[in-house]
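The values are calculated or read from the model by the stated rules, or taken from the named source; none is laboratory data. Since the structure is predicted, the reported quantities are computational estimates derived from the model, not experimental observations. Ideal geometry is used to build each Cβ from the backbone, glycine not excepted, and the neighbour counts take in all protein chains shown.
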Amino acid sequence: MRKRKSHIIAVGGGKGGVGKTLTAAGLAASLAEMGLSVILIDVDLGGSNVHTLLEVEPEDDSATITRYFRVKGSLLDEILLSTDFRGLKVACGSLHNYRLVNLPYFSKLRFFNELRRKEVDCVVLDLGSGSAYTTLDFFAFSDTGILVTTVEKTAIENLYRFLRGAFLRKLRFELEKYGREIVDTVMNNPDLKQLPNPQEVISTIEHFYPQYGDRIRDFLKTVKVGIVLNMMESPSEVHIGKQMEKAVRAYLGVDAKMLGGIRYYEEVKRRMRMGEGMKSLWRISGLREDMGSIVKTLKGWMDRDG
Ligand SMILES: Nc1ncnc2c1ncn2[C@@H]1O[C@H](COP(=O)(O)OP(=O)(O)O)[C@@H](O)[C@H]1O
Ligand SMILES: [Mg+2]
């Protein structure tokens, strides 16, 4: 892992209730247990949960991400809270404020610039559901995006829609570096539908700007999209994740990887119903193993490219 530049991991996936927050918290805890310094940030701006799962109690919104995005000049350090997990700090999401859903572009930039400069190994972002621009951009700006899904068709459908949106945002930010004109020609092409098909966008680039063909393909290969299958009920379901990995690679040209699965645990459900947090869930050995195995694959993948 790179020194003095934190690696930002976004955990998203479109559909609500598939286990994004559990996965984000589990991966953060697991990375911290490996000896890394980790910050987990709740950026589900309309439905925060991280404080409950990590059992921290911010007094009010002056101790949450609301302060960071609302109060000029505020710093992340002012809202970071220690957890029961050594090496893991959290920034909680909004408790009462529900008007943060669409952040202006400069706020997102400022946020990511600060995250990159943080003297920690990893930052894990717990994203909200849906495909609001802010959520797509949090995914697009991160170094590694992790998609969480169950095997249900509705979850997979939302996942592809979310990924397509985030991919187009990422592509747009990259193309802006090449010049405004190319963005207008390629992304705002009136011949293309409302939400352009990623492959049509790539072929439009190759058609109008052949000199950028290789550059854009090389850029896409650096984009990392991990896949985690949650609530698995049989080991054979792993092949669904593998299929998704293949599809994402072929369709978007990015570096996709099936990172592993989390099994379905009745005990997770039961403990969460009782309002128990991560410390209690961590005593479910299977869950801890599943998270550990995903993190091992994730870390190998991240370290491969430095
Ligand atoms: N592996 C699992 N086994 C059993 N229940 C799970 C599992 N993952 C998630 N759940 C259940 O699903 C609920 C939603 O999980 P959560 O992480 O909050 O989803 P999201 O953040 O995607 O909305 C949890 O409260 C829990 O009851
Ligand atoms: Mg959540």
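Check the stretch 105-120 and report whether any residue there is within 16 Å of ligand 2 (Cβ to nearest atom) and β-branched (Val, Ile, Thr). Before you say what the answer is, go through the steps one by one.
Step one: list which residues in the stretch 105-120 are within 16 Å of ligand 2 (Cβ to nearest atom), which gives none.
Looking for residues that are within 16 Å of ligand 2 (Cβ to nearest atom) and β-branched (Val, Ile, Thr), one finds none in the stretch 105-120, hence no.
Within 16 Å of ligand 1 (Cβ to nearest atom) and either surrounded by fewer than 24 Cβ atoms within 10 Å (Cβ to Cβ) or at pLDDT below 95 (or both): is that true of SER30 in this structure? Even if it seems obvious, please write down each step before you answer.
Working: within 16 Å of ligand 1 (Cβ to nearest atom): yes; either surrounded by fewer than 24 Cβ atoms within 10 Å (Cβ to Cβ) or at pLDDT below 95 (or both): no.
Considered against the rule, which asks whether it is within 16 Å of ligand 1 (Cβ to nearest atom) and either surrounded by fewer than 24 Cβ atoms within 10 Å (Cβ to Cβ) or at pLDDT below 95 (or both), SER30 comes out as no.
Being in contact (Cβ under 8 Å) with a residue 12 or more places away in the chain and touching a helix residue (DSSP H, G or I) at 6+ places or on another chain (Cβ under 8 Å) is the filter here; which residues of the stretch 57-69 pass it?
Taking the stretch 57-69 and keeping what is in contact (Cβ under 8 Å) with a residue 12 or more places away in the chain, we get 58, 60-61, 63-69.
Hits for the stretch 57-69 are PRO58, ASP61, ALA63, THR64, ILE65, ARG67, TYR68, PHE69.
Please note which helices (runs of 4 or more DSSP H) are completely contained in the stretch 174-262 and include at least 3 residues that are touching a strand residue (DSSP E or B) at 6+ places or on another chain (Cβ under 8 Å).
Numbers: elements: 180-186, 198-208, 213-221, 238-252.
Filter on the stretch 174-262 gives 238-252.
Can you tell me which residue among GLY241, GLY253, GLY145 is modelled with pLDDT of 90 or more and at positive phi? Working first, answer last.
Working: GLY241 fails: at positive phi; GLY145 fails: at positive phi.
Result of the check over GLY241, GLY253, GLY145: GLY253.
Going residue by residue through the stretch 150-163, is there one that turns out to be small (Gly, Ala, Ser) and part of a helix (DSSP H, G or I)?
Looking only at the stretch 150-163, we keep the residues that are small (Gly, Ala, Ser), and these are 155.
After this cut, where a residue has to be part of a helix (DSSP H, G or I) as well, the list is 155.
Checking the stretch 150-163: at least one residue is small (Gly, Ala, Ser) and part of a helix (DSSP H, G or I).
Across the stretch 204-215, what is the total count of residues that are touching an Asp or Glu at 6+ places or on another chain (Cβ under 7 Å) and surrounded by 19 or more Cβ atoms within 10 Å (Cβ to Cβ)? If you could, list the steps in order and put the result at the bottom.
The first filter runs over the stretch 204-215 and keeps only residues touching an Asp or Glu at 6+ places or on another chain (Cβ under 7 Å), leaving 213.
Next, from what is left, pick out any that are surrounded by 19 or more Cβ atoms within 10 Å (Cβ to Cβ): none.
Residues meeting the conditions: 0.
Out of (1) of a type in the set (Gly, Ala, Ser); (2) within 16 Å of ligand 2 (Cβ to nearest atom); (3) crowded, with 19+ Cβ neighbours inside 10 Å, the odd one out for ALA166 is which?
All conditions pass for ALA166, except number (2).
Whether any residue in the stretch 56-71 is over 16 Å from the mean Cα position of the chain (by Cα) and part of a strand (DSSP E or B) is what I want to check. It would help to see each step written out before you state the result.
Within the stretch 56-71, the first condition is being over 16 Å from the mean Cα position of the chain (by Cα), and the residues that meet it are 56-71.
Subsequent filtering for residues that are part of a strand (DSSP E or B) retains none.
No, the stretch 56-71 contains no residue that is over 16 Å from the mean Cα position of the chain (by Cα) and part of a strand (DSSP E or B).
Pick from SER37, SER48, SER6, SER62: which is more than 9 Å from ligand 1 (Cβ to nearest atom) and modelled with pLDDT of 95 or more? Please lay out each step first, then the result.
On the way: SER48 fails: modelled with pLDDT of 95 or more; SER6 fails: modelled with pLDDT of 95 or more; SER62 fails: modelled with pLDDT of 95 or more.
Checking each option against the conditions leaves just SER37.
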